[in-house]
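For reference, the structure discussed in these notes is given below.
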Amino acid sequence: MTMKPPISRRDFLKLLALTAATFLSKSVDRLLFPGGKSHSDTPGVIILVLDTLSALNMSLHGYARQTTPNMERFASRSNVYHSHYSTANFTSPGTASILTGTHPWTHRAFHNEGLVSAEKTDSNLFRWWGDDSIRLGYTQNAWVDLLLDQFSSWLDVHLNLYKFNLNKEPFYRKLLKNDFSASYRSLDSFSMELDPNFSASLMSALMRKTSFYLGKQAADREHASQYPMGVPQTVNDVASYFLLEDVFDGLMESSKSLPPSALAYFHLYPPHFPYAPRAKFMDVFKDGWLPPVKPTARLVKAGDEEAETRIVLEREHYDAYIATVDEDFGRLFDFMEREGVLEKNYVVLTSDHGDIYERGVIGHTNEYLYEPLIRVPLIISSPGQTSRVDVRTPTSSVDLAPTLLALTGRPIPIACEGVLLPGLGGEEDAQRPIFSMDAKSSHVRGPIRTATLSIRKGQFKLIWYFGYEGLEDGFELFDLENDPEEMSNLTAARPALFSDLRAELDAKLREVNAPFVKE
Amino acid sequence: MKWIRERLPAWPGIFPVYSALVFWAYGWYMLMFMFKLPSWMLEVTFGEIVAYFSYGLILVFWDTVQMLAILVGLSFVLPRSWLNDDFSVSGTALAGLLFFWIMFAQFAFVGLVNLPPSQQIAVLVVALLGFILAVLLVRRFPAFRKLAVWFGSSAGIFAYLYGFLTALGVVVVLIRNLS
Ligand SMILES: [Zn+2]
């Protein structure tokens, strides 16, 4: 048996800060972390993830509509990564890659509501950050909260998902927080699911639906002049609705009161569907602008394409919602600049995946890895930075964790699959392969048999569809430099290149499946 | 108090009704669970699935209590001889109808919440008329009555079976939350 060491001064200070934070966190107008922390000589890190923000819909990255003027202001004093890829096309795997520095085939959170595999949960940014400064996590997205819950042993402060919402956390959530993941999956997202016509529970689901809709309707009416399409909300599972300004106010207060050298992870829901643009942006993008017409996506059956009129309208709403979020981001940016937050921290703006409005497809609940779905913003402002650095070499979301650890003087764990980002300790390497994957239908604890995989290398990108029932396996090869809209498939025109990339992708799949294939 | 005691159906009358509610509510839950199972099996361990199942069992138990409260509440509203004195039989018929109405309310939910209040009241009145009609059918036609009696007594086995499963579910949930 070993004796527990007596509590150190550092631990004591941390405990003090935490206790105070716990009591005070109810009120956002008070300090979250009085007492402060040691380790004050290195900068902290604030990561802001805006869910479902496609780089292709941002004027910062050349989009035709002026959706992100405020993010452009932030970019003017930051490193901007123009070819930054998420490892996946939806929340669970995309977020898990940011937080673990690994690909979906490694962390295995590639299903809806996915979890990082049990033997990998101790490989995460919060643990690697170390316990000598505060680590905070907050999200509005329940699927991200499942991941934060998995990492909760290494989080000093895990802000409640409902913290900045208009509606309150239901009582059973508080009761069951020791078993958040199972109870959430069983109750919130299955038995009492709000979306389907029939829930597994009869009465409780009906009550939950009623209370959500009545509450939301009242909020919509109250804020109709500001949010004509209804106040922002999450989709079905946690049934929350909120005002964007409240959430950003909360972020401001939280970021200001962070002690030195802290790591804060904020993952907001907007601009994820359902779109709730502010009134002032409702008509801004009714400009008649249309993207080029593209071939129908590979897995869409004839007759199942979304109507073009709907695609155009949804894209317009998405753009307006991005502009709404950008407006609030502008307030946050000004606040951080004014309050010196930018001087004390690396501030990161990124997303977990994008959204698509073309090829007969809407949203991101699909199997595609086209650019709008996986290319996301990555903007990193360093303390003292005054000018913009543009990086066009492809980078991956697995690069973020190792880069932030290295920037703050921490060792890069072997488990990380990413490399240091160019301009922040790393070199540009145009020939480095960047991978993304969607494998919702594959077994989490078995080899990946049904999936879409992509590799970006240099100016080319190969997408591989395999194992889909009733559909032939297939490939799409694009030259993104000369065909950024991914219009023409070059598999026939560039056989040698196709064969090389295909071999590389195939080798990668064999490698990642190897631990699951019985000899 | 005396009025409440007089109006409250006796336990032997309540049990077949509760059994019928258990049959519908748990039966539906089991069906939905079976549909969901394959996607969970792709991902989580057997132990986790047992936990998910347990939470659902407890929730459905709570559902059956709420549904029973509605039927007992109805016996305070409808004429005493209609439901109160004949709770075990009429109540069993109403249990099926209640299941149907709840399913309807879930299915047509968005339409219903967006109706003007006067029409929402009309829907409630129609639902109540449905209950009255069911009671009348059971009272007037021996075949319906026989069916309700048979159903209420046969469903008893489900009350015991799911009662036992739910008790196990409570143990699972307690262990997971208190450990
Ligand atoms: Zn997401």
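What the table shows:
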| quantity | calculated |
| --- | --- |
| Selection from the stretch A:129-160 of residues that are touching a Phe, Trp or Tyr at 6+ places or on another chain (Cβ under 6 Å) and hydroxyl-bearing (Ser, Thr, Tyr) | A:138 |
| Elements of type helices (runs of 4 or more DSSP H) in the stretch A:334-414, at least 2 residues being away from chain B (no Cβ under 14 Å) and within 16 Å of the ligand (Cβ to nearest atom) | A:371-374 |
| Single condition residue A:95 does not satisfy, out of (1) open to solvent by 10 Å² or more (accessible area, probe 1.4 Å); (2) in the same structural domain as residue A:368 (by TED's automatic domain parsing); (3) out of contact with any strand residue (DSSP E or B) (no Cβ under 6 Å at 6 or more places or on another chain) | (1) |
| The stretch A:423-446 residues that are closer than 27 Å to residue A:355 by Cβ and among the small types (Gly, Ala, Ser), paired with ones that are in a loop (DSSP other than H, G, I, E, B) and open to solvent by 60 Å² or more (accessible area, probe 1.4 Å) (beta carbon under 6 Å, 6 or more apart) | A:442/A:449 |
| Unmet criterion (only one of (1) outside any strand (DSSP E or B); (2) within 16 Å of the ligand (Cβ to nearest atom)) for residue A:149 | (2) |
| Members of the stretch B:40-77 that are outside any loop (DSSP other than H, G, I, E, B), of a type outside the set (A, V, I, L, M, F, W, C) and either under 29 Å from residue B:93 (Cα atoms) or within 8 Å of chain A (Cβ to nearest Cβ) (or both) | B:48, B:52, B:54, B:55, B:56, B:63, B:64, B:66, B:73, B:75 |
| Subset tally (residues that are small (Gly, Ala, Ser) and open to solvent by less than 20 Å² (accessible area, probe 1.4 Å)) for the stretch A:422-446 | 5 |
| Identity of the residue in the stretch A:281-319, under 30 Å from residue A:162 (Cβ atoms) and in contact with a helix residue (DSSP H, G or I) (Cβ under 8 Å, 6 or more places away or on another chain), that ends up nearest to the ligand (Cβ to nearest atom) | A:318 |
| Failed criterion for residue B:9 (all others in (1) part of a helix (DSSP H, G or I); (2) more than 8 Å from chain A (Cβ to nearest Cβ); (3) open to solvent by less than 40 Å² (accessible area, probe 1.4 Å) hold) | (1) |
| Out of A:175, A:202, sole residue that is out of contact with any Cys (no Cβ under 9 Å at 6 or more places or on another chain), open to solvent by less than 20 Å² (accessible area, probe 1.4 Å) and within 13 Å of chain B (Cβ to nearest Cβ) | A:202 |
| Strands (runs of 3 or more DSSP E) enclosed by the stretch A:446-519 - at least 2 residues per element that are over 16 Å from residue A:85 (Cβ atoms) and touching a Ser or Thr at 6+ places or on another chain (Cβ under 8 Å) | A:460-466, A:474-479 |
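The values are calculated or read from the model by the stated rules, or taken from the named source; none is laboratory data. Predicted model only: the values in this text are computed from it and were never measured. A quick note on method: Cβ atoms are made from the backbone with ideal geometry, for glycine too, and the neighbour counts reach across all protein chains shown. Ligands, DNA and RNA are stripped out before the accessible areas are found, and what is left, the full protein with its side chains, is counted by its heavy atoms. Shrake-Rupley method; radii C 1.70, N 1.55, O 1.52, S 1.80 Å.
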